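Note sheet for the following structure.
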Amino acid sequence: MAASDTIENMYNVALKPRLLRSLLKEYVPDLKHQFRNPSVLSYVVSAIKTHQLLSESAPPESDEKLIENWTAAVDSWINRIVALASSDTPDKCWAGICLLGVTSQECSRERFIASYAAWFNKLFVHLQSPADSHFVKVATCASLSDLFTRLSGLPNAKKDGIALSTKLIQPLLKQLNEDKFDASWEETIFLLCSILDIFPSSIQRHYDGVEDAIVLRLMSGKCNPSMLKKLGYCLALLPKSRGDEDGWALMMQKIMLSINIQLNDAFQGLEKETIRTEAMRLLLPPGKDPPPPLGGQSLSRGTVDNTVRPEHLQISRVSTLILCCCELLTSSYPFQVAIHVLPLLALAKRVLMVDGSSSPGIAYMTTMKQEFFCSELPVLHSHILDLLTAIVKGLGSQLLPHVGSIIRLLTNYIETSTLPELRIKVYAIMKVLLLSLGVGISTHLTDVIVSNSLMDLDERGTSFVAQQKIHPETTTKNSHKKRKHASTSSSLEEQPDKDVFEVEMSPNMASLSVKIAALEALEALLAVGGSRRSESWRVNVDHLLLDVTRNASKGGWAKDGRGSLVSDSPTSIWRDYQIAALRALLASLLSPGRTRPPHLSQGLELFRRGTREIGTKVAECCAHAILALEVLIHPRALPLLDLESTDNNYEVGNKWFSGNVHISNHAANNTFHIGTSRKAPDEPDSCNDDLYAHWMRNGEDLDIVAADPGKDTDTSNQPPETLRDPSSEKLPSFDTTAVKVSESSKLELVAPITAAKKSPMDRDEIMVESQLSLKTIKHSEDLLPSKSNVVSLGSENIADDASIKEVVEASDAGFASPLMMTLDRGKELMHESDNESMESIPDIVDVEPDSD
């Protein structure tokens, strides 16, 4: 077997061409044989993406024959796919188009640049052909979206991308207006959204046609909810094609007026005329010309599905237009726009004030119409609350002039709303308001959040539900057993949790979701304004959150594996409820208050038990909580610099260095700078280290120079240096110390050059020694005679060479000169003052947080 045919492992380059050829041979159809199993294409796509079979990216050391073999395999793959895409057989053509989209995503950059024009032409033919099936057109739109997405990542291909996407607009509009197959509509809208997002200027010449087609489909009433969402999103992206603020403002005004027209028809007999007039005045001020209608036609015209009730059609239209407003407020645009908040708030107020009741003074409404409208009204309220959320998210701090109106609207609405879905969204809006506007807004939201949370977090229903089993007799037996053995108490962590989620929670899932929203709102309130006027509500909230978390943990913690295949299953909702309770309890413990957290020990116990559920989201939440509470468990003040560390390694650029002794060259001398500067030898002195600057000011009159390298002193008889012995009466000094008076009348301490060879611990000791010695000499100035013949610091008298020689000879002979005796006395005095200052510092006692 040749060396190039050997496969070492699954990462070997030799595997990729062989695997690609195997896929072509066994799974990808050809023009001669029938395509019997289309489901195998999912395996082909998965293998291509997992092993990157089309990337053609080999390591530089790879054999050239292997690279050529891989290139030939990719060529074979592309030839087969292009041939299938040109096939007259619908199933083979569909397979080739689907795989061509995958190829445009996974192939190498060079191959894509060389081939994307030919691939586009191959796909464009199927989009224009009326004879092709709907499945082929759907696959063509999806593959074109993949091609344009990959093309947007090429910086030099923008001009080609605009030119190619412009060719697609007319065929897409034709397909959207004529076809009656919903799947083709969705893919057409998705391709339009991709073009608007990537190359928006390509639709500028077809702006009105695209708007008419989108509004026509929106008005028809023939679209499913997924299609309506895509239509609203595409309509919101349409102003990008004009690229100016006026286009955005015009689209927003058209949509708001259309919503108002639809509400006039839907709310007949349900609201007062004054409310309708006030909303219209804000939407279109007097004297201002109305804009053209949305879509170039009245919303009451167009093809309408006669099988749909008019009331339902009105709610569907209004909901889609509100969704479009939300996208306009939250999507990013390449230009800055001015948002008119008052008309949007007027629409929101108009909708939220309608509860389905009719007054005697209002026009007559039939009972059947009122009944149907009341059934659809919660959907409309839900969408208008989404609009309020989008307003808050889109404006942020710029909402301050209008935040009072929003708070009043939400406060009045939550007092009357009892539906769980609507209360959840109100809590979500309040949470966004707190996080976006800060502590100032918490003063106005505290009362409404606390009062409603106390009501929604009532534990009488939840704790009972959490302990109910499917078989009620089991609960009865357990309760009798507990009463019989009342003397034996077991902790919560010892209770088995295997039956905890065999509970019938479905009737209370909605209430649990409301509790989760209330807990998240309380968490935001504590995080932003926990100390703001907290004396009236903080104690009750802290007790409430502790009780809620305790009750949520009764019977054990939720497991992530149970119910994970079903969204919104009872197990997943119960897990989310437990996590929300834990997060709110953590916020309660960390939020600043007048006193220390009253339930710190109980909270720590709950978090400690939660960390035992290894591999679950509850364990992750509890581990994070314990880490965050570390500052409360062990309060301490750590030093800014770690001077006792024996391994101080810092990275500056690409250089590593260690220790505190740094060498620099001054003329002919090698000087040791002993301090805390953590810079590299070739870097400038630190200007930001306050401690270093303070030490340098203390020794600003002293200069450290190198001693004679030939002089050695035996220090084997000296006691070892210790940095932790404050009772030592004599400070250590250098191995060999001499005094030299320079021309500038400065005292210079001379250290041996051999100090550079010391260990990292010795270098730290040298640093401390030098600083203490400098302080000692500075302190001894007052002890020296004012006119000493030995040395005079800071005066014009300069000591002669005899004085220096006397000091050096006395040091070598083991005697003490008068100057050395003076320095030793200064050391003793300074050390005594240090001992006194150390004794004045009180001892720090480490005790348990909850001990007396």
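The values are calculated or read from the model by the stated rules, or taken from the named source; none is laboratory data. The shown structure was predicted, so the numbers you read here are calculated from the model rather than taken from an experiment. Glycine gets a Cβ as well: all are built from the backbone with ideal geometry, and neighbour counts include every protein chain shown. All accessible areas refer to the heavy atoms of the entire protein, side chains included, with ligands and DNA or RNA removed. Shrake-Rupley method; radii C 1.70, N 1.55, O 1.52, S 1.80 Å.
Listed here are the helices (runs of 4 or more DSSP H) enclosed by region 370-487 that have at least 2 residues being open to solvent by less than 30 Å² (accessible area, probe 1.4 Å), within 19 Å of L329 (Cα to Cα) and modelled with pLDDT of 95 or more: 420-437.
Confirm whether A114 is loosely packed, with under 15 Cβ neighbours inside 10 Å and either free of Cβ contacts under 8 Å to residues at least 40 places away in the same chain or in a helix (DSSP H, G or I) (or both). Talk me through it step by step, then tell me what you get.
Details: loosely packed, with under 15 Cβ neighbours inside 10 Å: yes; either free of Cβ contacts under 8 Å to residues at least 40 places away in the same chain or in a helix (DSSP H, G or I) (or both): yes.
Yes: the conditions hold for A114.
Selection of region 189-232 for residues being open to solvent by 40 Å² or more (accessible area, probe 1.4 Å) and either over 35 Å from the mean Cα position of the chain (by Cα) or under 18 Å from S152 (Cβ atoms) (or both) yields F190, D197, I198, S201, Q204, R205, D208, D212, L216, K222.
Okay, residues lined up against (1) among the aliphatic types (A, V, I, L, M); (2) within 30 Å of L196 (Cα to Cα):
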{"position": "T330", "(1), (2)": "no, yes"}
{"position": "P334", "(1), (2)": "no, yes"}
{"position": "L342", "(1), (2)": "yes, yes"}
{"position": "M368", "(1), (2)": "yes, no"}
{"position": "A390", "(1), (2)": "yes, yes"}
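The residue pairs whose first member lies in region 529-545 and is without any contact (Cβ under 8 Å) to a residue 60 or more places away in the chain, whose second member is part of a helix (DSSP H, G or I) and open to solvent by less than 70 Å² (accessible area, probe 1.4 Å), and whose beta carbons are closer than 6 Å, counting only pairs six or more residues apart or on different chains, are D542/S588; L545/A584; L545/L585; L545/S588. The condition of being over 17 Å from R18 (Cβ atoms), in contact (Cβ under 8 Å) with a residue 24 or more places away in the chain and of a type in the set (A, V, I, L, M, F, W, C) holds for only one of V45, V74, that being V45. Apart from one condition, K159 fits all of (1) assigned to a helix (DSSP H, G or I); (2) surrounded by fewer than 17 Cβ atoms within 10 Å (Cβ to Cβ); (3) in contact with a Pro (Cβ under 7 Å, 6 or more places away or on another chain); (4) not polar (S, T, N, Q); the exception is (3).
Does I391 count as over 26 Å from Y577 (Cβ atoms) and touching a His at 6+ places or on another chain (Cβ under 6 Å)? Reasoning before the result, please.
Values: over 26 Å from Y577 (Cβ atoms): yes; touching a His at 6+ places or on another chain (Cβ under 6 Å): no.
Criteria not met by I391.
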